[in-house]
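I have placed the structure first, in the form of C-alpha cells, so that the comments after it can refer back to it.
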Amino acid sequence: MMLEKFKQKPLVAIQCITYNHEPYIRDALEGFVMQKTDFPFVAIVHDDASTDKTADIIREYAEKYPDIIKPIFETENQYSKKDGSLGRIMNDAISATGAKYIAMCEGDDYWTDPLKLQKQVDFLESNNDYAMCYTQARIFYQQKQTISKNIYGKKYSGFTDLLKRNKIPTASVVYRMKDYKMYLSEVKPQIRGWKMGDYPLWLYFSIKSNIHCIESVTSIYRFLNQSASHVSNTVKQFEFGLNSYLIREWFSVNYNKGILYVKFLKLAYIIKYYLEHDITIKEIMYSINRTNKHPENSKGY
C-alpha cells in the first residue's frame with residue numbers, strides 16, 4: 001500500500017521488516033511506541049505477506065498508534081523474488097517520510113530503553129561528523145528462553161577492527177539519511193547479491209565517516225535457530241559466512257584498505273570451518289564457486 005502524507009515531518013523513521021513473526025512482533029512494536037522523545041518519529045512496518053497473524057497484530061497497533069505505526073502489507077512475498085523488490089519498497093517508504101535519521105529493528109528483535117532514540121539523536125545532532133551511532137544489546141536465546149549475561153556490541157575502534165568481526169547490533173543503530181543515500185548511490189548493494197544488508201553499511205560508514213558507540217544496553221537481539229545467519233545446514237552456514245568475507249573483500253579492494261588482512265581472515269575461516277565441521281573439500285570448493293559467481297562481485301579483484 002502507498003504511504004499517505006505525514007501530518008508532521010518525522011525526524012526519525014524506524015525501518016522494521018517482518019515475516020511470520022507472530023510470537024515476537026508485539027515486543028518490537030511496544031519498543032517503538034514506548035519511546036520518549038522531544039521530536040516526532042514514525043515506524044515503517046513492512047509485513048512481507050505473512051501467513052500467520054503478524055499482519056493482524058500490526059493493524060491493531062496501527063489503529064491504536066496511527067501517528068507512529070505506518071504499515072505496509074504485501075499480498076505477495078517480496079523477499080522470495082530475489083530481485084531487490086523488498087529493498088526498493090522500504091527505501092522508497094523511508095525516503096517518503098522526509099526523516100533525517102533512520103533507525104533499524106527487525107520484527108523479531110526489540111528495544112528495552114524508552115530513551116533509546118532520544119540518546120542517539122542527541123548525539124548525532126551534536127556531532128555532524130558522525131554518520132551513525134549504535135548502542136549495546138543482549139541476546140535472547142529463543143529456544144532456551146534465556147537472556148545472555150554478556151553484552152553484545154563492543155566499542156567501535158575503526159575499519160580494520162570491524163573487518164575482523166561485525167560487532168554492531170542491527171537493532172541498535174541510528175544513521176543519517178543523507179549518508180545512507182550516498183551509500184546506495186556509490187556502492188549499489190542491490191546488485192551485488194550480498195546476503196547481509198547491515199554489515200556492508202557499517203563498513204561503508206567506517207570508511208567514509210565516523211561511528212560512535214553509546215555504551216548502554218537498549219535492545220534485545222533474538223537468536224532464532226532458523227534465521228539466515230544461524231541455519232543448521234553445514235554447507236549453507238559455511239556459504240553465509242563466506243559471503244561475509246566476500247563483502248569484506250569488496251570494500252577492502254575498492255577502497256584499498258586492509259586487502260591482505262581480509263584475504264588472511266578468509267583463508268583462516270575456510271581452514272577453521274573445514275577442521276571443525278562435517279564438510280568435504282568438494283563441498284567447500286563448490287561453495288566458494290557459488291559465492292563468487294555473482295558477476296558484480298568480481299569487479300576490482
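Sorting Thr75, Thr170, Thr112, Thr135 on solvent-accessible area from highest to lowest, probe radius 1.4 Å, gives Thr75, Thr112, Thr170, Thr135.
For the chain, the mean residue ellipticity at 222 nm estimated from helices alone is -12500 deg cm²/dmol, where every DSSP H run of n ≥ 4 contributes -39500 (n - 2.57) and the total is divided by all residues, rounded to the nearest 500.
A Förster radius of 45 Å, combined with the Cβ-Cβ distance separating Lys9 from Lys188, puts the computed FRET efficiency at roughly 0.95. Set the Förster radius R0 to 30 Å, insert the Cβ-Cβ distance between Lys208 and Arg59 as r into 1/(1 + (r/R0)^6), and round the FRET efficiency to 0.05. Result of the calculation: an efficiency of 0.15. Take the chain with all the other protein chains still there, run a 1.4 Å probe, and you get 50 Å² of accessible area per residue.
Charged neighbours of Lys119, selected by a Cβ distance under 14 Å, balance to -3 (K, R count +1; D, E count -1).
Note on segment 172-264: with charges restricted to the Cβ of Lys and Arg (+1) and Asp and Glu (-1), its dipole about the Cα centre is near 200 debye. Calculated FRET efficiency, Leu224 and Lys154, Cβ-Cβ r, R0 22 Å, to nearest 0.05? The computed FRET efficiency comes out at 0.50.
Subtracting the Cα-Cα distance of Asn128 and Thr51 from 0.36 nm times their residue separation leaves 23.4 nm of extension gain. For Cα extents along the principal axes in Å, the value computed from the atomic coordinates appears in the list (1) 72, 54, 41; (2) 56, 43, 39; (3) 58, 46, 36 under label (2).
Our Cα-only numbers for segment 154-224 put the radius of gyration and Dmax at 12.6, 35 Å. A straight line joining the Cα centroids of segment 90-169 and segment 276-290 runs 33 Å. With K and R counted +1 and D and E -1, the other residues having a Cβ less than 12 Å from that of Tyr110 yield a net charge of -2. The accessible surface of the chain, taken with every protein chain in place and a 1.4 Å probe, is 52 percent carbon and sulfur.
Here the chain is scanned for GluC sites (Glu not before Pro) in DSSP loops (not H, G, I, E, B) that have at most 11 other Cβ atoms within 10 Å, and the longest stretch holding none of them is 77-301.
For the pair segment 174-191 and segment 34-84, the centres of their Cα atoms are 22 angstrom apart. Across the chain, the longest piece that holds none of the trypsin sites (Lys or Arg not before Pro) lying in DSSP loops with up to 11 other C-beta atoms within 10 Å covers 166-292.
The values are calculated or read from the model by the stated rules, or taken from the named source; none is laboratory data. Fair warning: this is a prediction, and the values are worked out from it, not measured in the lab. Don't worry about glycine lacking a Cβ; one is built from the backbone with ideal geometry, like all the others, and counts go over all protein chains shown. Remember, those area values only see protein heavy atoms, side chains included, never the ligands or the DNA or RNA. Shrake-Rupley method; radii C 1.70, N 1.55, O 1.52, S 1.80 Å.
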